[in-house]
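First up is the structure itself, then whatever we jot down about it.
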4 protein chains.
Amino acid sequence: MNDRLHLPIHLRWGDLDAYNHVNNATMLKLLEEARVRAFWQPLPGESAPPTAVLASQPEAGVHTLIARQEIEYLEPIPYHRDPLEVQMWFGKLGGSSLEVCYEIYNNPGHPARVLYARSTAIIVIVDANTGKPTRLTEAMREAWEPYRGEPIQYRRR
Amino acid sequence: MNDRLHLPIHLRWGDLDAYNHVNNATMLKLLEEARVRAFWQPLPGESAPPTAVLASQPEAGVHTLIARQEIEYLEPIPYHRDPLEVQMWFGKLGGSSLEVCYEIYNNPGHPARVLYARSTAIIVIVDANTGKPTRLTEAMREAWEPYRGEPIQYRRR
Amino acid sequence: MNDRLHLPIHLRWGDLDAYNHVNNATMLKLLEEARVRAFWQPLPGESAPPTAVLASQPEAGVHTLIARQEIEYLEPIPYHRDPLEVQMWFGKLGGSSLEVCYEIYNNPGHPARVLYARSTAIIVIVDANTGKPTRLTEAMREAWEPYRGEPIQYRRR
Amino acid sequence: MNDRLHLPIHLRWGDLDAYNHVNNATMLKLLEEARVRAFWQPLPGESAPPTAVLASQPEAGVHTLIARQEIEYLEPIPYHRDPLEVQMWFGKLGGSSLEVCYEIYNNPGHPARVLYARSTAIIVIVDANTGKPTRLTEAMREAWEPYRGEPIQYRRR
């Protein structure tokens, strides 16, 4: 089994809804932030994981489009100050698309780890000019291959 | 084929992200709003569809929990003033859970209809006191059965 | 006394926070939406108030920048299906800036009107190329002058 | 001059709007998060500043209500991975209310510090049962007094 990325993502109290736990839709915002931090090249002076090979600006040569996302909610997430830990890996690296797998955990510092949610996103790499899918480059494959792992098997489908 | 619910849901310019179209995660907020309007009993003086049989307050006898959600993004959604049309139906009515299907379209007044996204949510009815799944009542089944339809078949899985 | 604009703005259940009423920060999102609908030219087939004279695209000749905003919270806003009514008028039309005044009410259809919040925003018109403030055009003044009124006097300052 | 609190607050890419910088309304969410981290007692195992003397749960003995908030936008905030630094202090500690002052800066690690925005919030302490304003306790005064400073003078009023 290969490596996973481990991304600390901070909650905000404003992520809670009237049920006093993190809103279901807002969880996709947390995963979006993990994805941005995993994929986008850091600005000068910032650090980023080795998977961060995509240019960060909309005018860049390639875009990433999300074609599909699936999420399974396992436990409600209460507010806390410690960042959540989002684990990410690649379930599949295709010709012009990839399957990104996520698990959302509480902070590794907690004595009792909790798996709050699991999610899968299908991302398509498109040419920014034509809008058409374009093949993953060698640089992308090299950066991402070490983080390949098993796709998530969902319980309810 | 049975009926679908047709729910007008207004966009906000603030739903757009830096790509200048509705943010992917925010689309789940739009579906959440459609679900609230479809399921929750109206307040005095408000009107609601016939499926609106659930008590709207957290302290009510039953809660709805989302166990899983899946969304397929087909076209980017630009900002416009007209409300989107969210179509909803039930792909399955189980013992204590249901499968809610959604399609997000532009306004029926547009000459060219666009299907922006499709989504499926698995919702579990739980007892507010025990937190355990509880069976759908007869009132729920009667209200929801007229809106049963085919589950969505996703292209990428 | 001159006219006010009356803009219906729909709530979303997701606007509520863990206190079960509309989040304080989110109220600025509601006012943002009222401002967009009041100021931006409608797309083909859409209708808009006579104040909607600004081009809606970021690449347009002028931008609007918010320099300052102030909001007074008077009553908590519960979720409801009816749109809120945001009333807007201009407290001041300066050389290159304007003072927009807002009051947020419940729906005019309610027997008991409630004033939930009052707000003032200072907006500066800037040239999209230079980023420098630019003078209000005659078209802007003509469109906005009929909606001039008294600036809001805040109780706590 | 007394001390200020220095709170690191992480941005999310999703905080950006179609202008590709942090949305004006969303900035109040960032300040809300700074306030929660400054005022609410930490959970077991968490750390918090010495000002964190309020119980964090809605069912607690006292609530905090925001009566008024004012914000001056000085520079657009681009996305970056480093947390922003929100500086907080008290412009006034009244009988049952307080004036909280904020300045939003980029990360202290940046060679060129930028002041993005300044804000003031008037917060009222209310009894959770009666909903009426209640006097600041001695514990609150002792915790907050070391962070008193000059109220913000706004340029445009």
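Points worth noting:
- Scanning segment D:57-73 for residues that are in a loop (DSSP other than H, G, I, E, B) and at the interface with chain C (Cβ under 10 Å from one of its Cβ atoms) yields D:Gln57, D:Pro58.
- Given (1) touching a strand residue (DSSP E or B) at 6+ places or on another chain (Cβ under 9 Å); (2) charged (D, E, K, R); (3) within 14 Å of chain D (Cβ to nearest Cβ); (4) buried (at least 17 other Cβ atoms within 10 Å of the Cβ), number of the condition C:Lys29 does not satisfy: (1)
- Taken together, the residues in segment B:13-26 that are facing another protein chain (nearest Cβ under 8 Å), out of contact with any His (no Cβ under 9 Å at 6 or more places or on another chain) and either touching a residue at least 24 places away in the same chain (Cβ under 8 Å) or among the acidic types (Asp, Glu) (or both) amount to 5.
- Candidates A:Gly91, A:Gly109, A:Gly61, A:Gly45, filtered to the one that is exposed (fewer than 15 other Cβ atoms within 10 Å of the Cβ) and either in contact (Cβ under 8 Å) with a residue 40 or more places away in the chain or aliphatic (A, V, I, L, M) (or both): A:Gly61
- For the criterion of being more than 10 Å from chain B (Cβ to nearest Cβ) and farther than 22 Å from A:Arg118 by Cα, A:Pro49 fails.
- Filter result for A:Thr120 (polar (S, T, N, Q), at negative phi and either away from every other protein chain (no Cβ under 12 Å) or free of Cβ contacts under 8 Å to residues at least 12 places away in the same chain (or both)): no
- For C:Arg118, the test of being among the basic types (Lys, Arg) and crowded, with 16+ Cβ neighbours inside 10 Å is passed.
- In segment C:1-50, of all residues being in a strand (DSSP E or B) and in contact with a helix residue (DSSP H, G or I) (Cβ under 6 Å, 6 or more places away or on another chain), the one that is nearest to B:Ser56 (Cα to Cα) corresponds to C:Val22.
Every number here is computed from the coordinates shown, using simple stated rules; none is lab data. Computed from a predicted model, the values in this text were never measured in an experiment. Heads up, the Cβs are rebuilt from the backbone with ideal geometry, glycines too, and the neighbour counts pull from every protein chain shown.
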